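Written out below as structure tokens is the structure these notes cover.
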Amino acid sequence: MVSPAHFIALSVILFVIGTVGVLVRRNAIVVFMSVELMLNAANLAFVTFARMHNALDGQVIAFFVMVVAAAEVVVGLAILTSIFRARRSASVDDANLMKY
Amino acid sequence: MSQHMILAGPAAETTRLVIFWVLAILAVAAATGMILARKAVHCAMMLAVVMLSLSVLYLMLGAPFLAFVQIIVYTGAVLMLFLFVLMIVGISAADSIIETIRGQRLWAAIGSIALLVLLVLVIGHAAIGPAPASGAKFGDNNVNALAALIFTKYVFPFELTSALLITAALGAMVLAHRERTGPKPTQRELAERRVASGRPAPLPGPGTYGQHNAVDMPALLPDGTQSSLSVSPVLTGPPPDTGDYPQGLPAESSESIPASSAQSGSATQEAGEQW
Amino acid sequence: MTGSVQSAMALPAAGIPTLHATGIQQAAWLLLALPLAGAAILLLGGKRTNSWGHLVGVAMPVLSFIYGAMAFGQMLSYPAAERSREIVVYQFINVDRFQVPLGLQLDQLSICFVLLITGVGSLIHIFAVGYMSHDPERRRFFGYMNLFLAAMLLLVLGSNYLALYAGWEGVGLASYLLIGFWQYRPAAAVAAKKAFIANRVGDVGLSLGIMLMFAQFGTVTFTGVFSAVPSASHGVVTAIGLLLLLGACGKSAQVPLQSWLLDAMEGPTPVSALIHAATMVTAGVYLIVRSAPIFNLSADARIAVAIVGAVTLLFGAIIGCAKDDIKKALAGSTMSQIGYMMLAAGLGPAGYVFAIAHLLAHGFFKAGLFLGAGSVKHEMNEEVDMRRFGGLARVMPITWVTFGIGYLAIIGVPPFSGFFTKDPIIDAAFAKGGTSGALLGTAALIGAGITAFYMTRVMIMTFSGERRWEEGAHPHEAPPVMTSPMIVLAIGSAAAGGFLILANRLLNFLGPVTGVPPTLHGIWTKSGVGALILLVAGVALAWVMYGRREVPVTAPVGSPVTVAARKDLYGDAINEGLLMRPGQWLTRLSVFFDNRGIDGLVNTLAAATGGSSGRLRRVQSGFVRSYALSMLVGAVLLVGALLLVRL
């Protein structure tokens, strides 16, 4: 019997894994991908809630999340590309000019 | 179709159970692999696995439209965009394992475990009962119902999102654009450079005279040696003594990938090339 | 306590009723205005008035004296009960319950002082014309002297304690300006400061006394206070009396505030003659005699006054014996004679009149003595060490004679002034009875003997014997502008005492104001004879020590008493140890506390802020991942808090 609780639990686990990825990886693109993982986990949760409440609003929200995630990836990767062109480095640790 | 395939009957229960658990374990394993893999391309592949398994889970939850959008848009477009940028940045940029910020891993572990515990507590306290009986809108009528909802109740966010998409596209073009710093070299100038560079003929394609013509198979020179010029350095990685980061735009990438950097890429062709 | 000692014709405690002035006396404000105008002209006019400034400076006291004499004549034409007159110049303070008029009271007591101040003052001003003739700042000198006269006249003429206080402060200011007249001399500047500060301590007493009067009686006018005093409690009356005594000690250089008088001799000699002999230092005696109704009601305050007087008269006499500076020896003598006056004032109505009599006589002979000393100093190139004098009688005969008459007057040789005025004081002290009377009388007698000794010493060392002059000293007699006042004062020194005491003239005149002694003794009393014997002994001793032997030019070491007397009986050392050093420690403690405590607190706060911010900024590592980590931790904490609340 697969209750929605299982799906929520899976979503939580994926979300936490994504968090760890953001904090631990140094390659900017991998950090991005971890953020995408978090967004996907959230989408799963929304869809599950839609099923629970017997309303499609959750699915609409998940849909919009996907769209916005796509736009965000576009802009983010464009920024990353121009940074890489300037500095020849894709490590997030190199952008530390705001140091004290 | 999806209705009686997945949601009908007690036998469907076991099916659903098996599918869920298999996919769940697969997704978690792939996610873990994603954050642990050293090469960035491997991470992208792992993410693709996660997304695909999620799409099947959407199908199970009665969101067929979203499942296909997930495959087509998310995995097919967004992830591929990731791969493209990886090509530009250099797939050879491997992360070193050594953590440079003191206490980062420790506190990341503590924080994420705490987050996990908290969220699990939330689920545990929330009263999540079994799913109610689903109507047609979770099955055959899903697209119609979704459309009805988007274009009536959520039409304003929809319009805003479209504006966002246009802005994003424009933004990406502006950000990735490179200004020309010198005058555009004419055809004559290009030809002169080509002749002056000492190598007027085009580079050999991969696999020429070799056993296969795979992209990563080097071509053979008349004397039997391999031509390193025939394989894109994107595929071979950097020479062993250059460290983790590539030394600038690989000169050949401008020829093998038809990117917008073709014009300026050729300007750097004469830098440090060898036969 | 038993009531005040009254005699048949004495005043009620409230003083004689004061009537409004009529006739010439209505212009009594002239007495203040003339010297004040002189001071204003000379001080504000500046160097333009240099050539004729001294004439204005002399004219003003003379005019004031003429007016004072006219007012005196008018007063004599009134019957005794109507001689106290008041004029109100204007209402100084006009607040609901605090009314203070600027009023001048012309009664018998104040007219005596007016005549003394303006008369002797005029003579000294004339002397100063000659004495200061070589000083380019002579005009400023006369400006300050006129200012002093104006303030002193306000002091004695004021009809309320506040006007008296205003004059009190004014003479203090003038004294400071005049002692430090030669500002470029550090010793003079220091002496001026010392005088002012010692006076200030006394002024605190006087002002507290006036405040107490106002708090208790609601008024500070003489008539108001004297009519309210009988109904006050004994403690309050004694407190007021003691506070007034403190003020008097400061101004009259009595123990314990006596240290400034000898240093005040740094000023020019006319200043010493006028201020520190004849007038300002007698203001304390005036205060006590004027406040007779208060002192009459408190035996404790009276005995305190008498004790202060007795101690000071011995103190000053001992100091005067060892000083080689002629002016300082005369200053010690002044201290001692004022001690006599205070002793007399402390005896109550039995002694008030004699205090005033001795004060008036002392004004004459002490001024004469000082002017003589000034003349000698002027001729000996500003030398004051008596060991450098000697044999001046031949060279300066007029000075010698006038000084000699003053000398005879002060030691009490009959028929000169001192004999008539000093003996009644000794007599009244013995007449007080009991142990206190005996002790006071004995002290006065001994003081008389010591006075004879040291004055003879001064006389012998200065005028007789071998000439011990410095190289280049050519003394000759002083010019007439200096000798004429000395001659007039010598006549006064000779005659004043007899004039006042014989036929009870002053007694009858002042009686309505001060009260009279219960019993009157004749001229020749037991104590008078005793005083004469001691006088002869003192003169003889001095003649043996200084007249027969050679006077050494450098001072010999001397006995311990001599050493102590040379150091003013350690008056300065006591002041330093008791007041100055603790004051300095207090200052240092405050500075230390301020630097370490308060500044430390503030600086610690600043340093803590700086230090903590220096450490906190290290959080900004610049790494995006650590920022992301802090975001995660923050989010976890928030969610945890929310859950805690909801669960």
Using Cα pairs closer than 8 Å and at least 6 residues apart in sequence, work out the relative contact order for chain A, in percent. 27
Please identify every one of the trypsin sites (Lys or Arg not before Pro) in the stretch B:129-198 that sits in a loop by DSSP and has no more than 14 other beta carbons within 10 Å of its own beta carbon. B:K153, B:R178, B:R180
All Cα pairs of the stretch C:318-434, percent lying beyond 20 Å: 46
Alpha-carbon spread of the stretch C:454-534, three principal axes, descending order, Å: 59, 34, 17
Sort C:L500, C:L76 so that the residue with the fewest other Cβ atoms within 10 Å of its own Cβ comes first and the one with the most comes last. C:L76, C:L500
If I take every Cα pair under 8 Å that is 6 or more residues apart in chain C, average their sequence separation and divide by the length, what percent do I get for the relative contact order? 14
Give the angle, between 0 and 90 degrees and rounded to the nearest 10, that separates the Cα long axis of helix A:57-87 from the longest principal axis of the Cα atoms of chain A. 10
Give me the percent relative contact order of the stretch B:182-222, please, defined on Cα pairs under 8 angstrom at least 6 residues apart. 24
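Sort C:S259, C:S291, C:S612, A:S82 so that the residue with the fewest other Cβ atoms within 10 Å of its own Cβ comes first and the one with the most comes last.
Values: C:S259 22, C:S291 25, C:S612 10, A:S82 15.
If I rank by nearby Cβ atoms, fewest first, I get C:S612, A:S82, C:S259, C:S291.
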In the stretch A:28-100, what trypsin sites (Lys or Arg not before Pro) fall in a loop by DSSP, with at most 13 other Cβ atoms inside 10 Å? A:K99
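Out of the stretch C:124-189, which chymotrypsin sites (Phe, Trp or Tyr not before Pro) are coil in DSSP terms and have no more than 11 other C-beta atoms within 10 Å?
Answer in residue order: C:Y184.
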Scattering from the C-alpha atoms of the stretch C:52-120 alone, worked out with Debye: what is log10 I(q)/I(0) at q = 0.20, 0.22 1/Å? -0.88, -0.95
For chain A, the Debye formula with one identical point scatterer on each Cα and no solvent gives log10 I(q)/I(0) at q = 0.18, 0.25 Å⁻¹ as -0.89, -1.25
Dipole-positive endmost among C:A478, C:G528, C:L489 within the stretch C:416-534 (Cβ charges, Cα centre): C:G528
Projected onto the charge dipole of the stretch C:186-326 (unit charges on the beta-carbon of Lys, Arg, Asp and Glu, signs +1, +1, -1, -1), the Cα from C:V190, C:M265, C:A228 with the largest positive-side position is that of C:A228
Of C:D423, C:D325, C:D107, C:D135, how do they rank once you tally other Cβ atoms within 10 Å and put the fewest first? C:D135, C:D325, C:D107, C:D423
Can you give the longest stretch of chain C with no exposed loop site, where a site means GluC sites (Glu not before Pro) in a DSSP loop (not H, G, I, E or B) with at most 16 other C-beta atoms within 10 Å? C:138-381
Evaluated at 4 °C with a viscosity of 1.567 mPa s, what Stokes-Einstein diffusion coefficient in µm²/s does the protein assembly as shown have when Rh comes from the Kirkwood expression over alpha-carbon pairs? 33
Zero-based 10 Å bins, Cα pair distances in the stretch C:508-595, whole percents: 12, 16, 18, 20, 20, 10, 3, 0
Mean ellipticity per residue at 222 nm, deg cm²/dmol - from DSSP H runs of n ≥ 4 across chain C, formula -39500 (n - 2.57): -22500 deg cm²/dmol
Once the Cα atoms of the stretch C:193-250 are picked out, what are the Rg and Dmax in Å? 12.3, 41
Per residue, what volume in Å³ does the Cα convex hull of chain C take up? 261
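Quick note: the coordinates plus some simple rules give every number you see, no bench work behind them. Keep in mind the model is a prediction, meaning the values are calculated, not measured. Note that we place each Cβ from the backbone using ideal geometry, even for glycine, and neighbour counts take in every protein chain shown.
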